[in-house]
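Engineer: There's a structure below that I have some questions on.
The values are calculated or read from the model by the stated rules, or taken from the named source; none is laboratory data. Keep in mind it's a predicted model, so treat the numbers as computed, not measured. Here the Cβ positions follow ideal geometry from the backbone for every residue, glycine too, while neighbour counts run over all protein chains shown.
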Amino acid sequence: MTDTANALEFAHNMLRHHGLAHVPVEVSRRARSRLGAAKFKRGKPHMLQLSAWVVERAPWEVVREAILHEVAHLIAGHAAGHGPAWKRAALIVGCEPKRCADAEVLEYAPKPKWKGECCGLVWKRHRLTSQTRRGLCSKCRTPIVWQEVGTAA
């Protein structure tokens with residue numbers, strides 16, 4: 001488990017060290033299916049976002065790697081994805097130059113509350129928006145029927 005204040009301090013220090021002191025850090029409870037995100041606005045670094053679920057539940061090594069991973073994205077730029085420019089930036093900041101696995105996220109994130117099934121396809125959601133409720137099956141184009149399957153934290 002990681003203390004949120006320590007994670008924020010580390011993120012701010014890394015951003016400062018790499019010339020991105022102007023980029024704010026946000027810990028989000030809405031980020032449930034990713035460790036973090038590097039946000040851009042008009043092609044420029046805008047925000048480093050971390051999942052509160054991961055910060056509060058994961059060991060420090062996972063949180064640290066997520067922060068470094070997102071800092072590398074901010075350095076490499078929006079168009080870099082996980083390509084060569086991002087891999088170079090990842091090595092500069094000191095993280096593994098690899099895409100984070102979904103399994104890492106699922107280990108610490110809350111379980112989805114809603115599940116929809118049709119034609120052998122399965123969709124899982126933490127919350128249902130009005131747009132999601134009106135969703136159609138991609139195979140047969142009939143409305144997806146959603147069932148509550150758990151309790152989203």
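Engineer: Can you find a residue that is of a type in the set (G, A, S) and out of contact with any helix residue (DSSP H, G or I) (no Cβ under 7 Å at 6 or more places or on another chain) anywhere in segment 35-44?
Structural biologist: For segment 35-44, residues of a type in the set (G, A, S) and out of contact with any helix residue (DSSP H, G or I) (no Cβ under 7 Å at 6 or more places or on another chain): absent.
Engineer: If you don't mind, there's one more thing I want to ask. Going by what's in this entry, would A90 be described as under 22 Å from E26 (Cβ atoms) and touching a residue at least 12 places away in the same chain (Cβ under 8 Å)?
Structural biologist: The answer is yes for A90.
Engineer: Any residue in segment 105-113 that is in contact with a strand residue (DSSP E or B) (Cβ under 8 Å, 6 or more places away or on another chain), outside any loop (DSSP other than H, G, I, E, B), modelled with pLDDT of 90 or more and surrounded by 16 or more Cβ atoms within 10 Å (Cβ to Cβ)?
Structural biologist: The answer is no; no qualifying residue exists.
Engineer: Restricting attention to segment 114-133, which residues are surrounded by 14 or more Cβ atoms within 10 Å (Cβ to Cβ) and not charged (D, E, K, R)?
Structural biologist: Selection gives W114, G116, C118, W123, H126, L128, T132.
Engineer: Right, something else. Show the residue pairs that are 6+ apart or on different chains and have beta-carbon atoms under 7 Å apart, the first residue being within segment 118-145 and closer than 25 Å to A31 by Cβ and free of Cβ contacts under 8 Å to residues at least 40 places away in the same chain, the second being loosely packed, with under 10 Cβ neighbours inside 10 Å and among the acidic types (D, E).
Structural biologist: As it stands, the answer is none, since no pair meets every condition given.
Engineer: What number of residues within segment 1-24 are more than 16 Å from G77 (Cα to Cα) and exposed (fewer than 12 other Cβ atoms within 10 Å of the Cβ)?
Structural biologist: Qualifying residue count for the region: 3.
Engineer: Checking the conditions here, which among C100, C95 is touching a residue at least 40 places away in the same chain (Cβ under 8 Å) and assigned to a loop (DSSP other than H, G, I, E, B)?
Structural biologist: So the residue among C100, C95 that is touching a residue at least 40 places away in the same chain (Cβ under 8 Å) and assigned to a loop (DSSP other than H, G, I, E, B) is C100.
Engineer: Right, here's the next one. Answer yes or no: is there a residue in segment 37-57 that is β-branched (V, I, T), out of contact with any His (no Cβ under 6 Å at 6 or more places or on another chain), surrounded by fewer than 20 Cβ atoms within 10 Å (Cβ to Cβ) and under 23 Å from P112 (Cα atoms).
Structural biologist: There is no residue in segment 37-57 that is β-branched (V, I, T), out of contact with any His (no Cβ under 6 Å at 6 or more places or on another chain), surrounded by fewer than 20 Cβ atoms within 10 Å (Cβ to Cβ) and under 23 Å from P112 (Cα atoms).
Engineer: Which residue out of V27, V62 is crowded, with 18+ Cβ neighbours inside 10 Å, modelled with pLDDT of 90 or more and aliphatic (A, V, I, L, M)?
Structural biologist: V27
Engineer: Checking A5 against (1) within 18 Å of the chain's Cα centre (by Cα); (2) among the small types (G, A, S); (3) modelled with pLDDT of 90 or more, which single condition isn't satisfied?
Structural biologist: The single condition A5 does not satisfy is (1).
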